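One structure is given below, encoded as structure tokens.
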Amino acid sequence: MTIIRLILGDQLDFFLTSLDEFDKSQDIILMAELKTEATYVNHHKKKIAFVFSAMRHFAEECRLKGWNVEYIDYSHPNNKGNFIHQLHHSIEKFLPKKIVMTEAGEYRLRKAFLQFQLESSIPVQICEDTRFFTSKAYFDNWAEGRTQLRMEYFYRELRRNNNILMNKDGTPIGGKWNYDSENRESPDEGKIIPPPTKISPDQITSDVLLLVEKEFSHHFGSLDDFHYAVTRKDALYVLSKFIEERLENFGNFQDAMITDEPWMYHSHIGLYLNIGLLSPKEVVAKVEQVYYDEQLPLNSVEGFIRQILGWREYIRGLYWHKMPEYAEMNYLNLQADLPDFYWTSDTKMNCISQSVKQTYDHAYAHHIQRLMILGNYALLTGISPKALNKWFLSVYMDAYEWVELPNVSGMVLFADGGLLASKPYVSGGAYIDRMSNYCKSCSYKVKQKTGEAACPFNYLYWNFLIKNESSFTKNPRMGMMYRTLSKMSEENKKNIVEDAEKWLQS
Ligand code: FAD
Ligand code: DLZ
Ligand code: SF4
């Protein structure tokens, strides 16, 4: 008798646990392009096109293996709009003996599937998602008894456990666990940055682009120049081009930003990792091997591996460890709405307008733009976790709640009170000026601290420290900032607070 194997849009991997012991003579793969998934937030048009096209290509690959696939596209007459209704429909149609699936990556869906499992008339088997280095249980165990959950210690443990960039005697290669201090070079405007690797849309992608323009025209974002991989083969090609062309400079310029250079030396593979076209283990293994074969700079190789083995695993562990409470946390009681310019890019602040514009165009911004431009401004101006999470979950191609929420609530908004970050990631204009060339063509003056022409990040930064003094003055990592503040004249502080209030009200 038939088993229906449900594959979600971010589970496009033939090694998925729900495909174990697949019997091609009887089993059926169920995949569906669903309204609820495309609209639980108004995803960027490119993200919907990417997921639908990658799903269609995966279904094609399954058919080529001779597997039975029930693929419900967006316009299919039997499209039921959400997973649970779709499953009920398939149970009636195929009378299967069992449903098998791999657990969903987001809490809201995992809850819905557990409820379905409880109520279903046939057995529903929900398998563990093993596409990560660590399980949820591993993280829970690691976190037990700790008041602070620092990524660095988690990462070191994973380096040891998986023997990655390690010497035989158990010490890290190069003698240090991390080379962060070497990964903060200012941008080099004279250096030619390799263009991003582009894959031309095939017929399947072109059809999807038309569908998305028709059905989701009101969503944020442009569909122009869609050049992403939608198959594993092409995603592997993008990875190989990153290793060949960009990895060497990844470390030095990891935090650098240049006007009209959205891609810098980043890998642009987060979207593929997150839907299963690439696996984190294979990416880390390949990059480590290249280090041994080609002696690429250790700060680049270690820095890159830390993002995937360290941050990505840690963030997922934290999400499952703390959900559902994590989504409700708001330690600093931030309540402001998101300004319109997060959607329109219509602001005189060049750093923000650049970051929003490229987000609109490409559904991509690199880490420092997300953290130190768009995130920094949000924290300084008190945007609420709900509003900011909704925006970040909507606009990026790689956004899924398990990875987006801890980054936004924990790393950006300090909403968890310091579980993830030892101090808030805030800065004035000087940091942005050091790490980018945005300030050179901005209407505001980055060196000016107060007054109409001053860079808003300057007075908003000091205003943030003044307003949140009671929350942070005992934080040892904030000592230097508060010592500088204590030396400021009362007159100066008054001007800062007045300018900040004027800005916040405008
Ligand atoms: P690279 O800079 O080349 O890094 C390589 C890989 O490391 C990434 O592809 C990603 O898989 C991983 N990585 C790096 N930093 C992180 C991190 N902080 N958390 C988890 N994985 C990380 N990443 C997402 O995948 N989805 C999100 O929705 C997301 N939202 C973010 C929101 C904010 C506010 C911030 C500060 C960061 C967010 N990140 C998110 C992390 C990071 O910005 C993106 O993974 C990265 O920009 C993707 O581009 P890339 O593939 O070129 O990454
Ligand atoms: C993101 C997304 C979108 C836009 N559309 C679909 C879809 O139509 N069908 C589907 O199976 N999955 C989709 N996804 C991915 C799911 O939202 C994802 O599986 C959950 O967010 C869990 O991580
Ligand atoms: Fe951004 Fe201020 Fe620089 Fe303008 S001057 S780009 S607002 S940091």
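Can you find, within region 270-289, the residue that is nearest to Gly9 (Cα to Cα) among those that are in contact with a Lys or Arg (Cβ under 7 Å, 6 or more places away or on another chain) and crowded, with 22+ Cβ neighbours inside 10 Å? Walk me through it before giving the result.
Applying the first criterion (in contact with a Lys or Arg (Cβ under 7 Å, 6 or more places away or on another chain)) to region 270-289 yields 276-277, 279-280.
Keeping just the survivors that are crowded, with 22+ Cβ neighbours inside 10 Å gives 276-277.
Working: Gly276: 9, Leu277: 11 Å.
Checked region 270-289; the qualifying residue nearest to Gly9 (Cα to Cα) is Gly276.
Give me the residue from region 1-28 that is of a type in the set (A, V, I, L, M) and surrounded by fewer than 22 Cβ atoms within 10 Å (Cβ to Cβ) and, out of that set, nearest to ligand 3 (Cβ to nearest atom). Lay out the reasoning, then the answer.
First pass over region 1-28, keeping only residues of a type in the set (A, V, I, L, M): 1, 3-4, 6-8, 12, 16, 19, 28.
Adding the requirement that they be surrounded by fewer than 22 Cβ atoms within 10 Å (Cβ to Cβ) leaves 1, 3, 16, 19, 28.
Working: Met1: 62, Ile3: 55, Leu16: 43, Leu19: 48, Ile28: 54 Å.
Restricting to residues being of a type in the set (A, V, I, L, M) and surrounded by fewer than 22 Cβ atoms within 10 Å (Cβ to Cβ), the top hit is Leu16.
Which of the residues spanning region 393-423 are basic (Lys, Arg) and within 16 Å of ligand 2 (Cβ to nearest atom)? Give the derivation first.
Just the residues of region 393-423 that are basic (Lys, Arg), to begin with: 423.
Scanning region 393-423 gives no hits.
Quick one: which of Asp416, Asp433, Asp361, Asp398 is touching a Cys at 6+ places or on another chain (Cβ under 9 Å), acidic (Asp, Glu) and not assigned by TED's automatic domain parsing to the domain that holds Gly303?
The conditions single out Asp433.
Of the residues that make up region 379-392, is at least one within 16 Å of ligand 3 (Cβ to nearest atom), among the charged types (D, E, K, R) and either assigned to a helix (DSSP H, G or I) or surrounded by fewer than 19 Cβ atoms within 10 Å (Cβ to Cβ) (or both)?
Quick first cut of region 379-392, residues within 16 Å of ligand 3 (Cβ to nearest atom) only: 379-381.
Subset that is among the charged types (D, E, K, R): none.
No, that holds for no residue.
Might you check whether a residue that is in contact (Cβ under 8 Å) with a residue 60 or more places away in the chain, surrounded by 24 or more Cβ atoms within 10 Å (Cβ to Cβ) and either part of a helix (DSSP H, G or I) or more than 16 Å from ligand 3 (Cβ to nearest atom) (or both) occurs anywhere in region 332-352?
Step one: list which residues in region 332-352 are in contact (Cβ under 8 Å) with a residue 60 or more places away in the chain, which gives 332, 334, 336, 343, 348-351.
Keeping just the survivors that are surrounded by 24 or more Cβ atoms within 10 Å (Cβ to Cβ) gives 351.
If we keep only those that are either part of a helix (DSSP H, G or I) or more than 16 Å from ligand 3 (Cβ to nearest atom) (or both) as well, we get 351.
Yes, the conditions are met somewhere in region 332-352.
Looking only at region 10-21, how many residues end up being in contact with a strand residue (DSSP E or B) (Cβ under 7 Å, 6 or more places away or on another chain) and more than 16 Å from ligand 1 (Cβ to nearest atom)? Spell out how you get there, then give the answer.
Quick first cut of region 10-21, residues in contact with a strand residue (DSSP E or B) (Cβ under 7 Å, 6 or more places away or on another chain) only: 11, 16-19.
Next cut, more than 16 Å from ligand 1 (Cβ to nearest atom) only: 16-19.
Residues flagged as in contact with a strand residue (DSSP E or B) (Cβ under 7 Å, 6 or more places away or on another chain) and more than 16 Å from ligand 1 (Cβ to nearest atom) within region 10-21 amount to 4.
Identify all residues within region 162-175 that are surrounded by 10 or more Cβ atoms within 10 Å (Cβ to Cβ) and either aliphatic (A, V, I, L, M) or in contact with a helix residue (DSSP H, G or I) (Cβ under 9 Å, 6 or more places away or on another chain) (or both); write none if there are none.
Initial filter on region 162-175 (surrounded by 10 or more Cβ atoms within 10 Å (Cβ to Cβ)): 162-167, 171-174.
Answer for region 162-175, where residues must be surrounded by 10 or more Cβ atoms within 10 Å (Cβ to Cβ) and either aliphatic (A, V, I, L, M) or in contact with a helix residue (DSSP H, G or I) (Cβ under 9 Å, 6 or more places away or on another chain) (or both): Asn162, Ile164, Leu165, Met166, Pro172, Ile173, Gly174.
Within region 28-53, can you find the residues that are within 16 Å of ligand 1 (Cβ to nearest atom) and outside any helix (DSSP H, G or I)?
Step one: filter region 28-53 for residues within 16 Å of ligand 1 (Cβ to nearest atom), giving 37, 40-44, 46-48, 50-51.
Tyr40, Val41, Asn42, His43, His44, listed by residue number.
What do you reckon, is Ala387 in contact with a strand residue (DSSP E or B) (Cβ under 8 Å, 6 or more places away or on another chain) and away from ligand 2 (no atom under 16 Å from the Cβ)?
The answer is yes for Ala387.
Scan region 411-429 and tell me whether some residue there is within 12 Å of ligand 1 (Cβ to nearest atom), of a type outside the set (A, V, I, L, M, F, W, C) and not in a loop (DSSP other than H, G, I, E, B).
No, region 411-429 contains no residue that is within 12 Å of ligand 1 (Cβ to nearest atom), of a type outside the set (A, V, I, L, M, F, W, C) and not in a loop (DSSP other than H, G, I, E, B).
Would you pick out the residues in region 450-470 that are surrounded by 21 or more Cβ atoms within 10 Å (Cβ to Cβ) and part of a loop (DSSP other than H, G, I, E, B)?
Cys455 - this is the single residue of region 450-470 that is surrounded by 21 or more Cβ atoms within 10 Å (Cβ to Cβ) and part of a loop (DSSP other than H, G, I, E, B).
For Asp346, are the conditions met, namely being farther than 29 Å from Gln11 by Cβ and of a type in the set (Asp, Glu)? Working first, answer last.
On the way: farther than 29 Å from Gln11 by Cβ: yes; of a type in the set (Asp, Glu): yes.
The answer is yes for Asp346.
Scanning region 393-441 for residues that are of a type in the set (S, T, N, Q) and farther than 24 Å from Thr347 by Cα, which turns out nearest to ligand 3 (Cβ to nearest atom)?
Kept after step one, since they are of a type in the set (S, T, N, Q), are these residues of region 393-441: 394, 407, 409, 422, 427, 436-437, 441.
With farther than 24 Å from Thr347 by Cα added as a condition, the list becomes 407, 409, 422.
On the way: Asn407: 21, Ser409: 24, Ser422: 24 Å.
Applying the filter and picking the extreme gives Asn407.
Can you report the number of residues in region 202-231 which are surrounded by 13 or more Cβ atoms within 10 Å (Cβ to Cβ) and over 29 Å from Lys390 (Cα atoms)?
Going through region 202-231 one residue at a time, the tally reaches 2.
The values are calculated or read from the model by the stated rules, or taken from the named source; none is laboratory data. What you see is a predicted model; the values in this text were computed from it and never measured. Ideal geometry is used to build each Cβ from the backbone, glycine not excepted, and the neighbour counts take in all protein chains shown.
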